[in-house]
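Student: Can you read through this structure? Questions will come right after.
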Amino acid sequence: MTITISRLYDDYATASRAVQELEAAGVPHGDISLVASNADNWYSDNGSTRRTARDGKIDRDRDGTDDRAEGAAAGAGIGATVGGAAGLLAGLGLLAIPGLGPVVAAGWLASTAAVAAAGGATGGIIGALSQSGIGEDDAHVYAEGVRRGGTLVTARIPDADRARFETILNRSAVNVRDRGTAYRKAGWKGFDPSAKAYTPDEVRKERALYRSAA
């Protein structure tokens with residue numbers, strides 16, 4: 001039996017490490033998805049990160065090879081075959097999902113949400129998560145977390161291996177119950193796909209808020 005698990009992270013770097021660990025533990029690229037906020041424009045429209053290492057290399061998947069040489073700009077291939085042998089992170093691409101603002105995404109969940117949005121379905125990301133077996137309350141917090149600058153990692157895994165893979169994803173993940181409570185105390189009612197996207201300044205303030213509370 002296959003189940004779906006998701007975790008929210010406050011930044012892409014932390015989430016990308018979780019993806020790499022899942023892949024190293026044997027989860028196929030096609031069973032992992034990542035949706036990251038690009039509200040602060042950390043990812044450019046030519047398929048490269050705006051932040052580069054000191055040697056000028058762009059290496060999102062941290063395999064030692066410049067992603068541009070691996071054809072990482074082929075982010076349009078979001079879906080079951082994205083990433084190829086280089087891994088999921090080498091296949092990132094820009095995507096628009098209502099309510100989330102600009103996102104960088106790869107994998108099956110991103111594809112499902114984009115198709116739903118293109119078809120006029122309300123709350124494409126919520127529908128995609130709910131159809132995958134994620135509870136509605138958690139789905140709303142996950143979507144709102146991405147809208148506010150976070151990154152969502154979702155994986156389809158064998159139920160028998162759930163504990164092992166959850167241990168990997170739980171490292172540095174947001175406590176979704178606590179985060180939902182914090183959102184609601186500030187007046188949030190639920191994810192709204194028609195809400196205005198967060199600005200770079202708003203995202204920075206949001207991240208600083210939870211860093212200071214940690």
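Student: Looking for something within 15 Å of the chain's Cα centre (by Cα), hydroxyl-bearing (Ser, Thr, Tyr) and at pLDDT 85 or above - is there at least one such residue anywhere in region 108-118?
Tutor: No, that holds for no residue.
Student: Only one of 145, 149 is closer than 16 Å to residue 10 by Cα, in contact with a strand residue (DSSP E or B) (Cβ under 8 Å, 6 or more places away or on another chain) and part of a helix (DSSP H, G or I). Can you tell me which?
Tutor: 145
Student: Follow-up. Just one of 85, 128 is assigned to a helix (DSSP H, G or I) and modelled with pLDDT of 55 or more; which is it?
Tutor: 128
Student: Inspect all residues belonging to region 189-207 and state whether any of them is closer than 16 Å to residue 136 by Cα and in a helix (DSSP H, G or I).
Tutor: no
Student: Could you check region 166-184 and list, in sequence order, the residues that are under 17 Å from the mean Cα position of the chain (by Cα) and surrounded by 14 or more Cβ atoms within 10 Å (Cβ to Cβ)?
Tutor: 166, 168, 169, 172, 173, 174, 176, 179
Student: On the basis of being closer than 24 Å to residue 102 by Cα and surrounded by fewer than 19 Cβ atoms within 10 Å (Cβ to Cβ), does residue 159 make the cut?
Tutor: no
Student: Looking at (1) among the hydrophobic types (A, V, I, L, M, F, W, C); (2) modelled with pLDDT under 80; (3) surrounded by 14 or more Cβ atoms within 10 Å (Cβ to Cβ), can you tell me which one residue 53 breaks?
Tutor: (3)
The values are calculated or read from the model by the stated rules, or taken from the named source; none is laboratory data. Here the structure is a predicted model, which is why all the values come from computation and not from measurement. When we count neighbours, we look across all protein chains shown, and the Cβ atoms used for this are built from the backbone with ideal geometry, even at glycine.
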